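To start, the structure itself, in structure tokens.
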Amino acid sequence: MTTVTRHQLSYLHDQLEDLEAKGLHYRLRVLEGEQKPIANFDGKEVINLSSNNYLGLTTHRALRRAALEAIRRWGVGAGAVRSIAGTMKIHMELEEQIARFKQTEACVVFQSGFTANAGTVAAILGKDDLIISDELNHASIIDGCRLSKATIRVFKHKDLADCERICQETSNWAGHKLLITDGVFSMDGDIAPLPQLCDLAEKYNCIMMVDDAHSSGVLGRGGRGTVDHLGCHGRVDIQVGTLSKAIGAMGGYVCGSRELIDFLYHRARPFVFSTSHPPSVAATCQAAFALLDSPEGERLIKRLWANTKFFKRRLKKLGLNTGASETPITPVLVGDAARAFEFSRRLFDGGVYAPAVGYPTVPEGKARLRTIVTATHKRAELERASETLAQVGRSLGIV
């Protein structure tokens with residue numbers, strides 16, 4: 001059946017045509033099979049540089065077994081929100097496991113990393129409060145800040161002097177103050193100056209919050225994140241992480257004091273009003289955290305970093321600009337959005353999937369490809385991918 005758009009929504013057609021004219025319109029690539037380094041998208045086998053599956057856990061045998069066993073024992077769904085009848089024992093066990101892993105008092109699991117960030121910021125702050133936020137923080141942080149109705153002050157990316165200027169100007173703020181940053185920035189792959197930000201939070205009496213989505217399972221001992229990697233245990237009040245990247249499943253979590261978590265149980269709207277995770281997802285996450293604390297997990301993280309360093313060296317040697325990246329997130333900077341999307345399309349034709357990112361995900365004029373290396377890529381695959389990137393880049397005048 002064909003659905004005709006009513007005239008009240010006809011303006012969307014004009015906006016889509018504008019995207020098409022600018023070369024920015026895209027359609028969703030469909031994965032046919034497993035999320036692996038060599039994957040089948042839209043019926044074409046390509047080297048997959050687009051996945052957040054850092055450690056290859058989406059298809060790991062231990063996680064598969066855990067999911068299947070959980071379905072056999074507890075069924076396919078929890079059947080209710082956590083605050084009514086949907087808190088299963090396995091949910092509590094997972095939260096306790098994550099809290100131990102992150103070395104905090106307590107943890108609460110959300111349905112996604114996005115809702116963990118947005119729900120937490122909106123819950124703990126109100127219109128009389130102040131948020132001091134890095135300009136390149138993730139959209140989930142930005143939305144949480146807006147939902148809180150607090151005053152928002154933005155400091156230049158990783159600019160400690162600019163951050164302190166705002167702290168000084170607001171030192172007499174009557175309400176609560178939150179200083180918030182990504183641990184690893186999702187579009188540039190650089191790491192926040194967390195120890196120095198903690199210094200400022202302590203000096204100016206701010207709550208300190210870190211979104212560690214792209215460092216969980218990647219940085220720190222056993223993948224414990226930037227707080228561990230940079231020696232900031234006990235200095236960060238709120239740690240947010242994800243279960244859908246290196247952990248290989250789906251969801252997000254918040255770690256902190258027992259009182260913080262108890263408060264979020266009562267006031268974080270995504271938690272209160274969303275059905276809880278299926279038991280299979282919770283069991284999968286338990287298996288993933290157990291693996292991170294094992295010798296196999298240590299080997300996977302070492303392989304991830306070895307592949308990352310190899311790939312970055314290759315791209316730089318071939319003349320591609322990878323910006324300030326320090327992590328497996330390796331942007332290939334282009335500038336013009338239309339050229340970036342054309343770059344991505346030609347790469348796909350050449351057997352490499354590296355999606356383009358433009359405004360509003362990144363600022364105008366800073367479009368790029370975002371590539372991510374995983375522990376399960378083979379060196380030959382990364383070599384071939386880097387050569388293809390360079391060849392296509394030369395054909396477009398990018399290299």
Taking the condition of being aliphatic (A, V, I, L, M), touching a residue at least 60 places away in the same chain (Cβ under 8 Å) and either part of a loop (DSSP other than H, G, I, E, B) or surrounded by fewer than 16 Cβ atoms within 10 Å (Cβ to Cβ) (or both), how many residues in the range 228-259 meet it?
5
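Please specify each residue of the range 138-152 satisfying the condition of being under 23 Å from Gln168 (Cβ atoms), out of contact with any Cys (no Cβ under 7 Å at 6 or more places or on another chain) and surrounded by fewer than 22 Cβ atoms within 10 Å (Cβ to Cβ).
Ser148, Thr151
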Has the range 77-95 got any residue that is closer than 24 Å to Ser186 by Cα and assigned to a helix (DSSP H, G or I)?
no
Could you check the range 320-349 and list, in sequence order, the residues that are touching a Leu at 6+ places or on another chain (Cβ under 9 Å) and of a type in the set (Gly, Ala, Ser)?
Gly323, Ala337, Ala338, Ala340, Ser344
Name the residue that is farthest from Asn53 (Cα to Cα), counting only residues in the range 339-377 that are open to solvent by 40 Å² or more (accessible area, probe 1.4 Å) and small (Gly, Ala, Ser).
Gly365
Out of curiosity, is Gly225 under 23 Å from Ala122 (Cβ atoms), surrounded by fewer than 18 Cβ atoms within 10 Å (Cβ to Cβ) and modelled with pLDDT of 95 or more?
no
Could you please tell me which pairs satisfy a Cβ distance under 7 Å, a separation of 6+ or placement on different chains, a first residue in the range 22-49 that is over 16 Å from Gly351 (Cβ atoms) and modelled with pLDDT under 95, and a second residue that is open to solvent by less than 70 Å² (accessible area, probe 1.4 Å) and part of a loop (DSSP other than H, G, I, E, B)?
Leu24/Gly358
Take Leu304 and decide whether it is out of contact with any helix residue (DSSP H, G or I) (no Cβ under 6 Å at 6 or more places or on another chain), open to solvent by less than 10 Å² (accessible area, probe 1.4 Å), of a type outside the set (Ser, Thr, Tyr) and assigned to a helix (DSSP H, G or I).
yes
Search the range 260-294 for residues being hydroxyl-bearing (Ser, Thr, Tyr) and in a helix (DSSP H, G or I), and hand back the single one that is surrounded by the fewest Cβ atoms within 10 Å (Cβ to Cβ).
Tyr265
Filtered residues of the range 98-108 (kept if part of a helix (DSSP H, G or I) and either open to solvent by 30 Å² or more (accessible area, probe 1.4 Å) or without any contact (Cβ under 8 Å) to a residue 60 or more places away in the chain (or both)):
Arg100
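Does the range 31-64 hold any residues that are assigned to a loop (DSSP other than H, G, I, E, B), loosely packed, with under 13 Cβ neighbours inside 10 Å and not small (Gly, Ala, Ser), and which are they?
Passing the criteria: Glu32, Glu34.
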Within the range 109-135, take every residue that is free of Cβ contacts under 8 Å to residues at least 60 places away in the same chain and outside any strand (DSSP E or B) and give me the one that is most open to solvent (accessible area, probe 1.4 Å).
Lys127
Please state which one of Leu19, Leu24, Leu28 is within 30 Å of Leu315 (Cβ to Cβ) and assigned to a helix (DSSP H, G or I).
Leu19
Which of the residues belonging to the range 196-219 are touching a residue at least 60 places away in the same chain (Cβ under 8 Å), more than 30 Å from Gly56 (Cβ to Cβ) and either out of contact with any strand residue (DSSP E or B) (no Cβ under 8 Å at 6 or more places or on another chain) or open to solvent by 20 Å² or more (accessible area, probe 1.4 Å) (or both)?
Ile207
Among the residues of the range 378-393, is any farther than 30 Å from Glu298 by Cα, surrounded by fewer than 22 Cβ atoms within 10 Å (Cβ to Cβ) and not hydroxyl-bearing (Ser, Thr, Tyr)?
yes
Take the residues in the range 334-355 that are without any contact (Cβ under 8 Å) to a residue 40 or more places away in the chain and out of contact with any Gly (no Cβ under 8 Å at 6 or more places or on another chain), then tell me which one is nearest to Gly217 (Cα to Cα).
Ser344
Just one listed residue, out of Ser276, Ser257, is of a type in the set (S, T, N, Q) and touching a Lys or Arg at 6+ places or on another chain (Cβ under 9 Å), and it is Ser276
Criterion first (outside any strand (DSSP E or B), buried (at least 16 other Cβ atoms within 10 Å of the Cβ), at pLDDT 95 or above and among the charged types (D, E, K, R)) does Arg299 satisfy it?
no
Scan the range 65-88 and give yes if some residue there is modelled with pLDDT of 95 or more, open to solvent by 50 Å² or more (accessible area, probe 1.4 Å) and under 25 Å from the mean Cα position of the chain (by Cα), otherwise no.
no
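The values are calculated or read from the model by the stated rules, or taken from the named source; none is laboratory data. Not measured: the values here are computed from a predicted model. Methodologically, a virtual Cβ is constructed for each residue, glycine included, from the backbone with ideal geometry; neighbour enumeration extends over all protein chains shown. To get the accessible areas, we keep the full protein, side chains included, count just its heavy atoms, and leave off ligands, DNA and RNA. Shrake-Rupley method; radii C 1.70, N 1.55, O 1.52, S 1.80 Å.
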